[in-house]
Amino acid sequence: MDTINYSNGNVNTVSIQDYDTKPQHFMSESGRVINTRFTPENESELHAILEHENNQRKQTPVGNLKEHIESLIDNRINEEAERICSQMSALSKPNSPDKALFMIRLSDEFTSLATSLDQDRLFNILPYEDKAFTQVNGKKGIFVTVTSNEVEKSSIKKKILDAEKQVAKQQKSTSKKSEKSMEVL
């Protein structure tokens, strides 16, 4: 049996087969998984678990660890930038204490894992020209602040980029269809 501990304090006990076939189900059910403990009921189940783990390790491709870690960092930075842009464009009016700037707090997950270089990279990929990372008196965390005209510009730019991506997708699908019809002829 598997004992799953979740970030919200819940504990769930399931069979190893159920967990292996539907891990996303158990993750979304009660939040983020903190840890999982496999407790075999007998010697044969222990042998099956160890064999299963061994087979999974054999199937794992050998790769470059440094490249893998770099891609994880890149993904984390890009996801944080997307989250910030999305939340920034959802704001209807400035929300800073002096009501002059739009501001969004960097996520705790990002700030706890990011180095100063990662924060610099995040700063550089945000699509705003007039932006700053700052701390706000009386509030915990690091915030991205942007002037109101920058948020308007970026939401317009985003709409244009989304439209361009949609047109490119349509052109690709149209060209693939025409290639298939030529093959038929």
**Message:** Tell me the residue from 104, 125 that is within 14 Å of residue 148 (Cβ to Cβ) and at pLDDT 90 or above, please.
**Reply:** 104
**Prompt:** Has the range 128-143 got at least one residue that is at pLDDT 90 or above, assigned to a helix (DSSP H, G or I) and within 30 Å of residue 72 (Cα to Cα)?
**Reply:** no
**Request:** Working only within the range 94-125, note down all residues that are in contact with a strand residue (DSSP E or B) (Cβ under 7 Å, 6 or more places away or on another chain) and in contact (Cβ under 8 Å) with a residue 40 or more places away in the chain.
**Result:** 94, 96, 101, 102, 103, 104
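Do you know which residues across the range 62-87 are among the basic types (Lys, Arg) and either more than 14 Å from residue 118 (Cβ to Cβ) or modelled with pLDDT under 90 (or both)? Step through it out loud before you land on a result.
Filtering the range 62-87 for residues among the basic types (Lys, Arg) gives 66, 76, 83.
Within the range 62-87, 66, 83 qualify.
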**Request:** For residue 37, state whether it is out of contact with any helix residue (DSSP H, G or I) (no Cβ under 9 Å at 6 or more places or on another chain) and on the phi < 0 side of the Ramachandran plot.
**Result:** yes
**Item:** Subset of the range 59-111 that is β-branched (Val, Ile, Thr) and not in a loop (DSSP other than H, G, I, E, B) - its residue that is farthest from residue 137 (Cα to Cα)
**Value:** 69
**Request:** Give the residue, chosen from 108, 118, that is surrounded by fewer than 17 Cβ atoms within 10 Å (Cβ to Cβ) and not assigned by TED's automatic domain parsing to the domain that holds residue 7.
**Result:** 108
**Item:** Check on residue 150, surrounded by 11 or more Cβ atoms within 10 Å (Cβ to Cβ) and either touching a Leu at 6+ places or on another chain (Cβ under 8 Å) or at pLDDT 90 or above (or both)
**Value:** no
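The values are calculated or read from the model by the stated rules, or taken from the named source; none is laboratory data. If you're wondering where the values come from, they're calculated on a predicted model, not measured in any experiment. Using ideal geometry, Cβ is built from the backbone for each residue, glycine included, and neighbour counts are taken over all protein chains shown.
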